[in-house]
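Peer 1: Got a structure here, written out as structure tokens. Questions coming.
The values are calculated or read from the model by the stated rules, or taken from the named source; none is laboratory data. Just so it is clear, the model here is predicted, and its values are computed rather than measured. So basically every Cβ, Gly included, is an ideal-geometry build from the backbone, and we count neighbours across all protein chains shown.
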Amino acid sequence: MNLPNKITVSRILLIPLFVIIMIVPFNWGGITFLGADMPVTHFVGGLLFIIASTTDWIDGYYARKLNQVTNLGKFLDPLADKLLVSAALIVLVELGFAASWIVIIIISREFAVTGLRLVLAGEGEVVAANNLGKIKTWTQIIAISALLLHNTIFEVINFPFATVALWVAMIMTIWSGWDYFYKNKQALLNSK
């Protein structure tokens, strides 16, 4: 397994740690950060999510730089993104920070596109992430990070950035999902 794929796998392995930190009721106290009060576990979990998310950029950078783009990487990278984002969104619903219907829409799109990839892979085609899919992933990461960190930076000016970012992420999720199916509709219709 090459370095980029190892980095991608590390993102997957960080997911259980993130979930445990966010859900298990550790009593580490609370902190005040830029005017927002939050449990230390949310701050640590938010930072862990951000670190795990940045591995998405790092693995892609090294795959291109070292000329180590592989079909395994094309499969694992979007899968790791979907697992991390889905876990974080479910945690946010559990904590009451995100509306379940928005999370259902986002996760449903992720399952649908993964299904599309699997069908096309059975036909010998690998569907790599496109630019719209990458933008969608980053809008999701920004929204989730803001929600996990209790809208901390914008709390001072009383702007609901995290909520707005979640709506933007949902819209980008729907748009990019439609784009994947539209661009691959012929291959999907021609599959056996």
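Peer 1: Starting from residues that are among the charged types (D, E, K, R), modelled with pLDDT of 85 or more and loosely packed, with under 13 Cβ neighbours inside 10 Å, keep the ones in the stretch 31-75 and report whichever is farthest from L95 (Cα to Cα).
Peer 2: If we take residues in the stretch 31-75 being among the charged types (D, E, K, R), modelled with pLDDT of 85 or more and loosely packed, with under 13 Cβ neighbours inside 10 Å, then K65 is farthest from L95 (Cα to Cα).
Peer 1: Taking only the stretch 164-185 into account, find how many residues are within 16 Å of I141 (Cβ to Cβ) and touching a residue at least 12 places away in the same chain (Cβ under 8 Å).
Peer 2: Going through the stretch 164-185 one residue at a time, the tally reaches 9.
Peer 1: Looking only at the stretch 83-110, which residues are closer than 20 Å to K183 by Cα and either touching a residue at least 24 places away in the same chain (Cβ under 8 Å) or in a loop (DSSP other than H, G, I, E, B) (or both)?
Peer 2: Answer for the stretch 83-110, where residues must be closer than 20 Å to K183 by Cα and either touching a residue at least 24 places away in the same chain (Cβ under 8 Å) or in a loop (DSSP other than H, G, I, E, B) (or both): I106, R109, E110.
Peer 1: Moving on. Does any residue of the stretch 65-74 turn out to be closer than 23 Å to F18 by Cα and assigned to a helix (DSSP H, G or I)?
Peer 2: Yes: one or more hits.
Peer 1: Whether any residue in the stretch 46-53 is in a helix (DSSP H, G or I) and in contact with a strand residue (DSSP E or B) (Cβ under 9 Å, 6 or more places away or on another chain) is what I want to check.
Peer 2: Yes; the residues of the stretch 46-53 include at least one that is in a helix (DSSP H, G or I) and in contact with a strand residue (DSSP E or B) (Cβ under 9 Å, 6 or more places away or on another chain).
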